[in-house]
């Protein structure tokens, strides 16, 4: 496990995060087969960007790391799940791109301050169970961005057609394996107002906040 220095690993919130990590250890290969394509808004965000080093926070199976590899010389992928990091490595080998996968958590990034020019933080913040944790992860993104760095943050939101609530809430979304086994995953589903509030309360500088096709997005700079 990563070294946790500012969070109580005996707390119920910490246990939720461990359970999410353990879920992705179980579902990693199946996840990769069914979540092969990057989010379209990330593709759009990266269209005209270039740089030296990029960060994929919660890199999963590397679908956004692959996109980033076309924009920069070096991609760093961070994920708590060793199985998902293995999927990232396999994707790189199969598709001909290089990445630097590191096991770690998004609230204490094992990344040097002001070393990242382009960041992607998508489909991960919604697995953190408290506002404190979510804002801490945003502050870590701000810390590692260079002065002219830029990043995109994306999360499921209440506008998604699978939900019928207007305000943010916590829920469990099961992942169904090929044999029918259901594996629970914790999610915090943002409403757009709460998402905007968390981004504004972090150290990041907001460029744009919007929702599209059931997801909340923010484009941000270093504060």
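Annotation note: of 98, 108, the sole residue that is modelled with pLDDT under 95, surrounded by fewer than 21 Cβ atoms within 10 Å (Cβ to Cβ) and under 16 Å from the mean Cα position of the chain (by Cα) is 108. Considering the conditions (1) in contact (Cβ under 8 Å) with a residue 40 or more places away in the chain; (2) not in a loop (DSSP other than H, G, I, E, B), residue 197 is excluded by exactly one of them, (1).
For region 25-64, a residue qualifies if it is closer than 23 Å to residue 178 by Cα and without any contact (Cβ under 8 Å) to a residue 24 or more places away in the chain, and the qualifying residues are 33, 34. Only one of the listed residues (219, 206) is part of a strand (DSSP E or B), surrounded by fewer than 21 Cβ atoms within 10 Å (Cβ to Cβ), without any contact (Cβ under 8 Å) to a residue 40 or more places away in the chain and in contact with a helix residue (DSSP H, G or I) (Cβ under 8 Å, 6 or more places away or on another chain). That residue is 206. Taken as a whole, the structure leaves residue 71 outside the set of residues that are modelled with pLDDT of 90 or more, surrounded by 23 or more Cβ atoms within 10 Å (Cβ to Cβ) and under 18 Å from residue 115 (Cα atoms).
Could you tell me whether any residue of region 121-139 is free of Cβ contacts under 8 Å to residues at least 24 places away in the same chain and more than 20 Å from residue 60 (Cα to Cα)? The answer is yes, given that some residue of region 121-139 is free of Cβ contacts under 8 Å to residues at least 24 places away in the same chain and more than 20 Å from residue 60 (Cα to Cα). Does residue 166 meet the test of being part of a loop (DSSP other than H, G, I, E, B), touching a strand residue (DSSP E or B) at 6+ places or on another chain (Cβ under 7 Å), surrounded by fewer than 20 Cβ atoms within 10 Å (Cβ to Cβ) and touching a residue at least 12 places away in the same chain (Cβ under 8 Å)? When the stated conditions are applied, residue 166 does not pass them.
The values are calculated or read from the model by the stated rules, or taken from the named source; none is laboratory data. Predicted, not measured: the structure shown is a model, and the values here were computed from it. Quick reminder, even Gly has a Cβ in these numbers, built from the backbone with ideal geometry, and neighbours come from all protein chains shown.
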